[in-house]
Structures are given as structure tokens and as C-alpha cells.
1. If you scan the range 177-198, which residues turn out to be over 26 Å from residue 669 (Cα atoms) and either within 16 Å of the ligand (Cβ to nearest atom) or crowded, with 19+ Cβ neighbours inside 10 Å (or both)?
2. Return a yes/no flag: does the range 144-159 have any residue that is buried (at least 23 other Cβ atoms within 10 Å of the Cβ), closer than 30 Å to residue 675 by Cβ and at pLDDT below 95.
3. Anything in the range 38-61 that is buried (at least 20 other Cβ atoms within 10 Å of the Cβ) and under 16 Å from residue 101 (Cα atoms)? List them, or say none.
4. Go over the candidates 96, 109 one by one and state the one that is closer than 30 Å to residue 324 by Cβ, touching a residue at least 40 places away in the same chain (Cβ under 8 Å) and buried (at least 23 other Cβ atoms within 10 Å of the Cβ).
5. Considering each of 315, 329 in turn, give the residue that is crowded, with 16+ Cβ neighbours inside 10 Å and under 19 Å from residue 95 (Cα atoms).
6. Looking only at residues in the range 155-172 that are part of a loop (DSSP other than H, G, I, E, B) and within 11 Å of the ligand (Cβ to nearest atom), which one is nearest to residue 64 (Cα to Cα)?
7. Which of the residues spanning the range 33-48 are part of a strand (DSSP E or B) and under 14 Å from residue 85 (Cα atoms)?
8. So if I check each of 99, 25, 84, which one is near the ligand (Cβ under 10 Å from one of its atoms) and modelled with pLDDT of 90 or more?
Ligand code: H91
């Protein structure tokens, strides 16, 4: 007899509910108001991404999150990131999502400069498959770009960020009015503020995306919004010489200024360029249709919950996006990857964790460090280390305590995202920087463009200059600008922690200072002013004490509190006589696609070179060890970009590398800025 359990469900506070079913680890990224953390679903042992949002911070963007959650509940496709669970309290929203260890397609493209036509085709077929499905379900995505495509463990793409998607009531044929998405990918009709058809605008964005894959840069680009809009409305771009005639033709068809001349995604599925080497149209139907019930997963859950298969099926069929949905979908994901359909927990554990009869609620502390402290701590280390293995941007030697500790210390700042209109303004840096980036870019591409111009230009372009632009509204500067620029202080990586003491100016200026020591040994000139003492963290993050930022860090610190304490314990155990493991030098990492090789062998010199160019690029930074956290600000005191540069040592070849990670801001502006920093640092 099925047990009616839905009435018994209570609504524990969000974070508590989260910690009952998930182990929560490091922040792995951020998107707008959200922070994304790595997690593990305890019953299945599967890794997940946890998108964490504070309702207060969301403000007017709360509807956008609701739109995203609704869309993701209605979409189930092999190339769309799966939503497993939503935990909502009065203050927070947690979205439990499919974990994609390969990170953003954007980083993959820029690491490779551009992709070959063959590799582009593999990815583009997957993008088309996802988009044909999205459109078939009546949705338009409206924010297609390589930052919104993630690479999973099998090197397959997963579409994310449905916050701007639309599902017109009368179907996709109905016109939309809201101008949204990233300007560089926006269709001409959209930026002109005209009514437009969502699916047609998506096809334009797919054309821009295809160009970015094949070329490694954007077809329409400019630091000045007005110029950028003019380029888009003209629809005129240069075809670089490496593009095949087939690619030129397809790009041209997708980036037609007249939306009615663009092919629909359904037509593109069997386009000659798309089926080349495959000889078959793209398969776009869902391999995991909504509502399908897998008997093996039901059996495993029924046994675990001591229920009948019928009542378990009924429970799963409610699709409440609670722990039941998450357990079912994660079991299914295990099955699809050929893993055993097994729940790790004690019998009845999924149910028990949520039962009001369960007694005392588990806390984060309980979860990690109660019964068998060390075992659980080591499990945490193991996951961190798994994560580190997975991620292209972090690869440290397994189980190195200091590396794990260092990873745990990284806290990504939560900042308000740019609204679509504000996003455009991110593209308008202060004049000095605009000049630097534009000049640099121009020089770099001048040759390519010369050749491209000689090449056949895209046909069907419109010469008419359309002057109606949806311009950003005038912005009022904040009344009190508390982002006074602070003088950046260049330091050497801290060596004092190893001794458990903070160096005094006198001590630090001595031979312990690695840069001075090395400079003395190698007679290398130290071209920067070196601070006589070397505390752990420097510069703006210290200077910001009164600005509210440090409060955020303190709060974030509490989230990690118990785990960090546990890690400290392990580290203490593994490192006799030391409270924390010292970091004698930069991390040793594998060559990854987000690491730039320098050809140099002295990490301190590379670090100094980077630090010395940051001020002239108007980049504010804080340095800790060999990691430099960078930020740029607009004239209104808003952070436009946040990223990390980390000097590290590579195994093969044995040179110094610079790992880069974007945390916030326009991806292409970031790319140009980092290129600029690294080339100006002569590394
Ligand atoms: N960009 C538009 O940084 C800037 C690894 C990583 C691994 C993920 C799975 C899901 C999501 C992100 C992941 C992720 C946003 C995800 C899914 C949805 C969504 C958001 C995130 C970033 C945010 C962090 C992302 C990459 C894209 C990493 N991320 N590291 N698995 O709305 Cl539906 Cl915000």
C-alpha cells in the first residue's frame, strides 16, 4: 500500500537541507549574482555543481532565476545541463546542477586560439542538437555564447544559463520585444529594439558562435557600443583566409541581417557543411525524455527507502525537484555512464534525512567531522583532489595538503551582475584602457585582417546604415565613491608562514626574501619595489577593510569553517611540527589549456614581471603567494572584471606557466586584457 508521504515533508532551512544530501566544497566559478560550488550528492556519490544565490542580492533579478528554473525543469536533453534539485528558503536558492568538469567552451577556444573545422563541426552539431530541442519545446535561449556552453567529463557540450530564455504564449512564431543577451552575439533586429522572433535571433547568435569557434575572435567587435551596434546592423564582417568556402557560406546564411533569410535550426540540421564527414543529419531528439521512468533506478530507490516500487514510481513521477528527483536523476546518470545503479547510503537514508521523525538535525559540522573525523576529512581531501584532477584549470599533485588548503582558501567574490544593458557598458573601459586594448588588438590582427579583406566578403550584407540603436540608459554615478584607488603594493610570495611567524620589516628584508635572495644569487635585476615585509595577503583586499568586501570574505570564511578546520587537522597531522604546510614555491601543475607557457624558469621573475605591468593596465590586484587576484573597475565604482593569474611550474616542458581563470566580466574583454598583460610582461 503506497504511503502518502508528501504531507509529512517539512521545509527545513535551505542550507540545512542542502547539507543533508550534499557535501559542499570549493567555489568553482561565479555567474552574475550566483556562486557555483562543487558538491557531492551523498546517496549516489555523484559530483554536482551547486549554484547558490542570495535572494536579497538578486533583487529585481529574482524573476530571471525563476524563469531559468522553470525552463530547466521542462528541458531534458543530452546537451543541456541537467537540473537535479532546487532548495529554496526565505533567503537563499540552491540549484543542484549537472557538473561539467571541462569548464566553459570559451576557455577551450581561447586556449587553442581557434578550433579546426573538424573539431568545430563536432561541437557545432551538439549545439544545433540542443538548440533544435530548445526550439521544439517552444523556447528561445537568447543568450547563446561560448561562456554558456560547458564541457562535461566526456568532452560533450552542455548548454547553460536559461535566465534570459523566452517561451512566447502563442508559440515561438510570436514576436518578442525584450532586448537581451550579450551585444556581440545579439541579432540586428534585437539591438535595434524591433519586435523579433526568438528562434531567428538564436540562429544569428549561433552564427556568431560558429565564427568564434572557427576564428577565435568575434565577427563584430568594438570597445565602443555605438560602433559595435553599427557593425552588427550592417552585418558586414571579414572572412579570414583559413575559412573553407563551405564555412563562409554557412556563416553567411546564419548571419543574414534579414531574419527571414536565415535558415531555421531544423533546416541547419541537414546542411551540407553540418553533415560533411557524418553523412547524417544531426540527431536532436532527447535521449532522456522527460517523464521516462527507469526501472533499475526505481528498484534501487525502493529498496533503499523500504517502499514498494509502485509508491517509489509515484513519488518520482511528482517531479518536485527535491531530493527524490535528484536521487533518481543522479542514479540514472550513473547508469547511463555504465556505473552500478547503487545508493551508497544505509538503508532508508534518503528518507531518514528528511523525516521529521529523524530526531536531531544534522549540521555541516556533523556531516564532516563527527563520528569518524579523519575518515571523513580524508574523503573531503579525496574529493578536492578528484576535482583538481577533473578541472582543466587546477591540476596539482594528488593529496598535497598545501595544495588542497590553498584551494580551500580561494573565495570568489559575489558581486551584482551586469544587467543586459549594463553589460554593454562593460565594453566601454576608461579611455586609457580602451586605447591600450584596442591598439594591442589592432596590431595583433592587422595582418590577418589585411588578408581577410582581400578574401571574399560575406555576400548578402546590407549596406544601409541603420542608426536606431538601443543605447544604454544614462547612468548616475554613486553619490559617494568609496572605491578610491589604492596604491598597489608589490610583494614577494610569503615564505614566513612556514615558520609560523609573520616577518617583521627587518626580517623580511633579509636573505629570506626569495626575490632578493634569487636576485643576489643570479644577479637578476629586480625591477620592482619590493616591500621589506611580506604578509600573507597584500594590497587592495587589505585596503578594502571598510568597504564591505572583507565582510563578505568573513562570511564566506564561515561557510568553509568546519571543513577548513578539518583540513588544518589533516595538514597538521601530515606536517609534523607545523600548523600549516608551508608553500615554498609555486604549485607544480600539468600543462592545461588555461595555462600560458612562458619559456622562463624563474617563477619569481615571472611573478614580478606580471605585477609590474598591472598598474599601467589599470588593474587592481591582491597577491597571495604566486596567485594574483585581479580586478578592474569602471568609473562608477563597479567591478567590471575579476580574474586570477597564478604563476606555476609545469612538468613537461619544465618551464614556468601562468594559469588564468576568469571569475567575472565579459569573456572577450578578459581575453584581450590577459593577452595584453602577458605580452607586456614579456613572458
Ligand atoms: N558563466 C556564464 O566556472 C560566466 C566549473 C563548472 C562545472 C558547472 C555546472 C553547471 C554550471 C556551472 C558549472 C561550472 C557562468 C552552471 C549551470 C547553470 C547556471 C550557472 C552555472 C559560469 C558559472 C560557473 C561555471 C561556468 C559558467 C565553472 N562553472 N567551473 N560545472 O546558470 Cl544552468 Cl550560473
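1. Filtering the range 177-198 down to residues over 26 Å from residue 669 (Cα atoms) leaves 177, 194-198.
Those that are over 26 Å from residue 669 (Cα atoms) and either within 16 Å of the ligand (Cβ to nearest atom) or crowded, with 19+ Cβ neighbours inside 10 Å (or both): 196, 197, 198.
2. Checked the range 144-159: no residue is buried (at least 23 other Cβ atoms within 10 Å of the Cβ), closer than 30 Å to residue 675 by Cβ and at pLDDT below 95.
3. Those that are buried (at least 20 other Cβ atoms within 10 Å of the Cβ) and under 16 Å from residue 101 (Cα atoms): 38, 39, 40, 41, 46, 47, 48, 49, 50, 51.
4. Details: 109 fails: closer than 30 Å to residue 324 by Cβ.
Exactly one residue qualifies, and that residue is 96.
5. Numbers: 315 fails: under 19 Å from residue 95 (Cα atoms).
Result of the check over 315, 329: 329.
6. Pass one, the range 155-172, residues part of a loop (DSSP other than H, G, I, E, B): 155-156, 160-165, 167-172.
Then drop every residue that is not within 11 Å of the ligand (Cβ to nearest atom), which leaves 160-165.
Values: 160: 14, 161: 10, 162: 8, 163: 5, 164: 7, 165: 9 Å.
Here the answer is 163.
7. First pass over the range 33-48, keeping only residues part of a strand (DSSP E or B): 34-41, 46-48.
Correct list: 39, 40, 41, 46, 47, 48.
8. Numbers: 25 fails: near the ligand (Cβ under 10 Å from one of its atoms); 84 fails: near the ligand (Cβ under 10 Å from one of its atoms).
From the options 99, 25, 84, the qualifying one is 99.
The values are calculated or read from the model by the stated rules, or taken from the named source; none is laboratory data. For clarity, every value in this text was computed on a predicted model and none was experimentally measured. Cβ coordinates were reconstructed from backbone atoms using ideal geometry, including for glycine residues, and neighbour counts include every protein chain displayed.
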